[in-house]
Amino acid sequence: MEKILLRNIDVPDSHTIGVYRSRGGYRGLEKVLREMSPEQLIDEIKASGLRGRGGAGFPTGMKWGFVPKDSPKPKYVVCNADESEPGTFKDRLLIEKDPHAVIEGTLIAAYAIRSHTAFIYIRGEFSFGAQVLARAIDEAAAAGYLGKNVLGSSYDIDLILHRGAGAYICGEETGLLSSLEGGKGWPKVKPPFPATHGLFGCPTVVNNVETLASLPWIIEQGASRYAAIGTEKSKGTKLFSVSGHIEKPGVYEVDMGYPFKQFLQEHCGGVPEGKKLKGVIPGGASMPVLRAEELDGISMDYESFQAAGTLLGSGGVIVMDESTCMVRAAWNIARFFAHESCGQCSPCREGCHWMEKIFRRVEHGDGKEGDLDLILSVSGNIMGNTICPFGDAAAMPAAAFIKKYREEFDQHIREKRCTVTSSTSRVPA
Amino acid sequence: MMNAVKFSDESLKRFGEIVGRYPKKEAAMLPVLYLAQREFGYLSCEAIEYVARLMDVPVARVYGVVTFYTMLNMKPIGRHHIQVCRTLPCALAGAERITAAIKAKLGVGVGETTADGRFTLSEVECLASCGTAPMMQVNDDYYENLNEQSVGEILDKLK
Amino acid sequence: MHGYEFHVPGSGLNPKLETRNCDTHMDPVKIIIDGREVATTKGKTVIQAAAGVGIAIPHYCYHPKLTIAGNCRMCLVEIEKMPKLQIACNTPVMEGMAVKTQSPKVLEARRAVMEFLLINHPLDCPICDQAGECWLQDYYMQHDLTGSRFDEKKEHDRKREIFGPYVVFDGERCIKCTRCVRFLQEVTHTDELTVVNRGDHSTIALFPEKILDNPLSVNVVDICPVGALTDRDFRFKVRVWYLKKTPSICPGCSTGCNISVETYQNRIARFKPRINEEVNSHWLCDEGRYCFHSLTEGERLTAPMIRQEGGLVPTDWETAVQAVIAGLGAAAPVAGVLSGRNTNEEAFLFARLMKKISAAGEVFYRERELTEVEKLLKSPDRSPNFRGACDMGAGGGGFDALAGRLIEGEFRSVYIVGEDLVDLPGDGDKIKNALEKLSFLVVQDIRLTPTAKLAHVVLPSTHFGEKEGSYTNRRGRVQKLNPAVVPPLGALHDWEIFSRLLAKTGEKISFANPAEIFAALARAIPAYSEFNYDKLGDHGIQLDTQRHDH
């Protein structure tokens, strides 16, 4: 498989501008500034079929196209480096090992919408990543890729590195913008949408790290080469972060459409210690879990995961072997969402905690008849009814775990104890 | 006693630089709060009021912001803030055993600080290091692929 | 229900709303709500369009005078061709849009939101002051009516936290709609409150050691849809369903805020603002809200009194009226002081009386400095009807000039209506000395005030809450006062007293009620010639097209 995103990361000192340039870095930016109008650039990215890699999979070129060209207001581009979806650690790798690809991609996106101020919003915990990026930004500025009159093109662009301070919700694009405006990371009600009323009410594009890091290659190699990889609707390569009960956890770059089971077995080495696979969350903790037997025939693209009743999401693959207590796993995820709910809108604020409390009870032997249907009902009442996608992100896994592993939940309730001895349940919480 | 909270000259200079970087002053809120937390150790009410004045925003707004983010502290914490990730991928890899080992070694519970002020132990949500689970963050640094033995050795080195 | 909040469009003192609505037009748009064609205009939201035709879409966080928060999710509606339910408060109308507000999906979502909002609620309606005007209760009765499925330990929050001199907070009843926070950010710009923490630990809070004491603070109680913020002054006084509500005008200053005077067992329990976009929008200042205490409470006079050796003794009205006319007639020059709280009708008769007895009449007027927040609503002039009284010919320069002459000893007798001059800050002592030197002093008031104690004749009268009449605010809006409580037996309305005195001077006068006086004054005063009580209605009318301040 062709390495696009991970092409540099194994090269020593890949984070330095010298190494990056020696491997063709910043040629994409030079090309767009010298040869392409913003409109041509947007068309090129549309042609590449690149879709947002943060989780939603929205076509990147189309997202840029929503930004009004004639707005008198300043326009902003924000690189969303607030990677926080459980099971996802691909952006961190790019940031730490290939920061210039992230920067170059951000600058290309800025040029596409004629923005003169771009931000990289990096989660606060990524202290090392922020240091790497800060140094890389300085290098890029010194080399003339940033600032006034970039490469003599008369295009000015400023890039500001901004650290978050610990809140999953800031990965949601409008929560991120609220945070960047100096407030709580409360998502904004839509309409209006960020493309017209984003940061400080100005047209804004928010793109994920991986999305942006794909841009230099696409520009340099051409949209058609990128679009040749993958499936009809899912183009190019995608990073998958693989964790949990897997022989070789890590970040993998996969051509869209690659067989999922084969990937887990052959590339990731399968489940260790000869244990049996029990379930896989394919797209980060907010996506519905799949039972082992459901993996057959799934290919690693947006459409195939969706057809299987889950979503590709951020590509955070969490593998669980037969020793895993699915009640405890579901409770763990519910606890995550209860902890991270911003508290702004009623269904999410109240519902996430409600679900967490029931899951906790069931896991600790206090489950009751009707608890599972109640969780399904509560998750259904959250789903689709909240300000931002967080509500769905909390509701989907809760419902999926119960639906997929109902017998195990029932057994917990019937026997009033955790019935699985697993790595997640050896120590009482 | 809490004297009038005030930035050092160096921090004031840094404050000016930070604010100057942003298209709007209020966008500099988080970096300025970091600056204050670094200088004052934690964000006391006095520190929050000071930041509000510097930033020309109502103090209640700053208060809301500080209480929203997990990395901003309104109370003093230990010299080394141990943050063990408890989210699913780390849990699958035995994060609970790591926390238990730290509790046993330091004699504190989650959310507590050792009597000597050296360590504060927290459980936190996913730190995007799932491929190297279980893991913890101590202040700014990540420690990955932990086991009960290695976590003890790491803590021993943190004075 | 709650439809009153939609009454009148406009910005209501919130500049953020102005900018938000700046690109709205009057372009007509037709949408369909529950199968009914609704004509509205571009820029309106579904909730506004629905309200315009009397369809009240349930909501908590939406308030027409605050920015959209969209957080309660109660106003979710089904919109054709949209896969998810949409919040009506933030969905702009579009030509041909078909909205369902009562579909099974909508009703289920609404029921679910109710359930979410109640899971951590203490369900303490029996001891909650909001009971009876609580939107949680109201919507619950309309939509849910089922027992709770929440069987977990409830999250606790702060109870009975004193937010300020008038406002108390119960965190467990709070639904985090942030109306209070937005009011303080967007209307008063005082920013006392915020939401702290996150998830289900989110709660409304003041910054430590700060208090909520801005001059408009109690409006947060009015807009709180639940029992989280309650009025310390009203707390535990009376169940709201026992309150009798009388539309009237605040007597606190000459802004003339529209209020509902809410009474129980013939006592005023509270003022609530009534919406009038031309005057006070949805708001009422704290000073005005509580002014009824000082204006109405205390032991009432129930009989005229006359000074005899040894002091004031009760007498009958005939004796008292006769003594007043005789006394004033015998001790010229005479000065008359009318309260700025007297109505137009009273001022009209007072002016006639002053003319008849050749007295120098003046109406009470005192100005004050206002802070920026106070200026949002308060008038510098504390007298609610100074402008009207002047229009009636009761005076014109305000009391201060007259006070100077009084202190100089220019008058031998004085007739004071409804003002306790001795209690005036600053000049009180000088005036007291002057009053003590008079040959004859008449005081007409509701209580035996320090000023009344100096009088030769005291006439028991009634206060604003007992009267019918009209006030003309400082911008020339004529608005109606209605009697909310019944005066004590033995007291007479000022207009009745003036009528009796006028009759005693030989003036042919026979008004049966204030409406008849108003008809007379409308004939006499050109600016009022078009008006009558029916026309004043509940929201008053503007005197002239040129609004001018004093």
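A few comments on the model shown:
- Any hit, the range C:91-98, residues being crowded, with 16+ Cβ neighbours inside 10 Å, modelled with pLDDT under 95 and within 23 Å of C:G70 (Cβ to Cβ): no
- Checking C:I249, C:I268, C:I259 one by one, the residue that is within 25 Å of C:C61 (Cα to Cα) and buried (at least 20 other Cβ atoms within 10 Å of the Cβ) is C:I259 and no other.
- Exactly one residue out of A:A101, A:A56 is under 26 Å from A:G171 (Cα atoms), aliphatic (A, V, I, L, M), surrounded by fewer than 21 Cβ atoms within 10 Å (Cβ to Cβ) and more than 14 Å from chain B (Cβ to nearest Cβ): that is A:A56.
- Checked against the criterion of being over 16 Å from B:H81 (Cβ atoms) and touching a residue at least 24 places away in the same chain (Cβ under 8 Å), the range B:111-119 contains not a single residue that satisfies it.
- Number of positions in the range C:141-174 that are farther than 26 Å from A:K357 by Cβ and either within 12 Å of another protein chain (Cβ to nearest Cβ) or in contact (Cβ under 8 Å) with a residue 24 or more places away in the chain (or both): 8
- Residue in the range C:292-313 that is within 14 Å of C:F440 (Cα to Cα) and part of a helix (DSSP H, G or I) present: no
- Of all residues in the range B:37-59, those being crowded, with 17+ Cβ neighbours inside 10 Å and either among the aromatic types (F, W, Y) or within 12 Å of chain A (Cβ to nearest Cβ) (or both) number 9.
- Condition met for C:I127 (surrounded by fewer than 16 Cβ atoms within 10 Å (Cβ to Cβ) and β-branched (V, I, T)): yes
- When the range C:435-452 is limited to residues that are of a type in the set (V, I, T) and in contact (Cβ under 8 Å) with a residue 40 or more places away in the chain, the one that is surrounded by the most Cβ atoms within 10 Å (Cβ to Cβ) turns out to be C:V442.
- On inspection, C:P9 passes the criterion of being at pLDDT below 95, of a type outside the set (G, A, S) and in a loop (DSSP other than H, G, I, E, B).
- The listed residues are A:S115, A:S84, and the only one of them that is assigned to a loop (DSSP other than H, G, I, E, B), within 14 Å of chain B (Cβ to nearest Cβ) and either of a type in the set (D, E) or touching a helix residue (DSSP H, G or I) at 6+ places or on another chain (Cβ under 6 Å) (or both) turns out to be A:S84.
- Flag if C:I68 is of a type in the set (V, I, T) and in contact with a Phe, Trp or Tyr (Cβ under 6 Å, 6 or more places away or on another chain): no
- Filter result for the condition that a residue is assigned to a loop (DSSP other than H, G, I, E, B) and over 23 Å from A:C388 (Cβ atoms), over C:G70, C:G54: C:G54
- Where a residue in the range B:17-33 is in contact (Cβ under 8 Å) with a residue 12 or more places away in the chain and its partner, wherever it lies, is surrounded by fewer than 16 Cβ atoms within 10 Å (Cβ to Cβ), with Cβ under 7 Å and at least six apart: B:K25/B:D56
- Counting the residues of the range C:79-105 that are under 16 Å from C:P58 (Cβ atoms) and either touching a Leu at 6+ places or on another chain (Cβ under 6 Å) or within 11 Å of chain A (Cβ to nearest Cβ) (or both) gives 7.
- Taken over the range C:390-407, the residue count meeting the criterion of being within 25 Å of C:L438 (Cβ to Cβ), out of contact with any Leu (no Cβ under 6 Å at 6 or more places or on another chain) and crowded, with 21+ Cβ neighbours inside 10 Å is 5.
- For C:I175: the one exception among (1) of a type in the set (A, V, I, L, M, F, W, C); (2) crowded, with 24+ Cβ neighbours inside 10 Å; (3) outside any loop (DSSP other than H, G, I, E, B): (3)
- Top-ranked residue in the range A:361-391 [being surrounded by fewer than 19 Cβ atoms within 10 Å (Cβ to Cβ) and part of a helix (DSSP H, G or I); ranked as nearest to the chain's Cα centre (by Cα)]: A:G380
- Verdict on C:P425 being in a loop (DSSP other than H, G, I, E, B), over 23 Å from C:A351 (Cα atoms) and at pLDDT 95 or above: no
- Residue match in the range C:500-509 (condition: within 30 Å of C:A323 (Cα to Cα), of a type in the set (D, E) and touching a residue at least 60 places away in the same chain (Cβ under 8 Å)): yes
- Counting the residues of the range C:175-184 that are aliphatic (A, V, I, L, M) and within 14 Å of chain A (Cβ to nearest Cβ) gives 2.
- Criterion (in contact with a His (Cβ under 9 Å, 6 or more places away or on another chain) and in contact (Cβ under 8 Å) with a residue 40 or more places away in the chain) met by exactly one of A:P68, A:P74: A:P74
- Filtering the range A:112-160 to residues that are acidic (D, E) and in contact (Cβ under 8 Å) with a residue 40 or more places away in the chain leaves A:E125, A:E139, A:D156, A:D158.
- The range A:322-358, residues that are of a type outside the set (S, T, N, Q) and more than 14 Å from chain C (Cβ to nearest Cβ): A:E322, A:C325, A:M326, A:V327, A:R328, A:A329, A:A330, A:I333
- For the range C:493-510, the tally of residues that are part of a loop (DSSP other than H, G, I, E, B) and crowded, with 19+ Cβ neighbours inside 10 Å stands at 1.
- First in the range A:359-376 and within 10 Å of chain C (Cβ to nearest Cβ), second anywhere and aromatic (F, W, Y), Cβ under 8 Å, 6 or more apart: A:R360/A:W331
- Restricting attention to the range A:158-199, the residues that are touching a strand residue (DSSP E or B) at 6+ places or on another chain (Cβ under 8 Å), facing chain B (nearest Cβ under 8 Å), surrounded by fewer than 24 Cβ atoms within 10 Å (Cβ to Cβ) and more than 14 Å from B:T70 (Cβ to Cβ) total 2.
- Residues in the range C:119-134 include at least one that is at pLDDT below 95, at the interface with another protein chain (Cβ under 10 Å from one of its Cβ atoms) and outside any loop (DSSP other than H, G, I, E, B).
- Matching residues, the range C:185-229, being away from chain A (no Cβ under 14 Å), surrounded by fewer than 23 Cβ atoms within 10 Å (Cβ to Cβ) and not in a loop (DSSP other than H, G, I, E, B): C:E186, C:L206, C:D222, C:I223
- From A:K46, A:K63, residue being assigned to a helix (DSSP H, G or I), surrounded by 21 or more Cβ atoms within 10 Å (Cβ to Cβ), charged (D, E, K, R) and away from every other protein chain (no Cβ under 14 Å): A:K63
The values are calculated or read from the model by the stated rules, or taken from the named source; none is laboratory data. These numbers come from a predicted model, not from an experiment. Virtual Cβ from ideal backbone geometry, glycine too; neighbours counted across all protein chains shown.
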